[in-house]
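The values are calculated or read from the model by the stated rules, or taken from the named source; none is laboratory data. Because the structure is predicted, anything quoted here is derived from the model rather than measured. Because the Cβ atoms are built from the backbone with ideal geometry, glycine has one as well, and the counts that use them run over all protein chains shown.
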Amino acid sequence: MVVEVNPAGTSQTCARCGERVPKRLAVRWHACPYCGCTLHRDHNAALNIVQKGGGTAFGEALPVGRPQNREPRTR
């Protein structure tokens, strides 16, 4: 199923806590001062788009947060 989502503001909103974190386009890394979430701004935007669409991407939830807080991927 495909759900159309307006992408406006998705890179400016923290995917973990929902706080607005303004940044210039030249700033490519999202670092939330409210909850500590850090990830590439495009990944942050993608997570927000998935949340706005009310689902998951490719059948699994995407990890949020610092790499050390994520479970390791197994092959």
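Structure notes:
- Within the stretch 1-15, the set of residues being in a loop (DSSP other than H, G, I, E, B) and polar (S, T, N, Q) comprises N6, T10, S11, Q12.
- Complete set of residues in the stretch 1-44 that are surrounded by fewer than 18 Cβ atoms within 10 Å (Cβ to Cβ) and among the hydrophobic types (A, V, I, L, M, F, W, C): M1, V2, V3, V5, A8, C17, L25, A26, V27, W29, A31, C35
- Residue list for the stretch 16-56, filter: assigned to a helix (DSSP H, G or I) and among the small types (G, A, S): A45, A46, G53
- Being under 18 Å from V3 (Cα atoms), surrounded by 12 or more Cβ atoms within 10 Å (Cβ to Cβ) and at pLDDT below 90 is a description that applies to G53.
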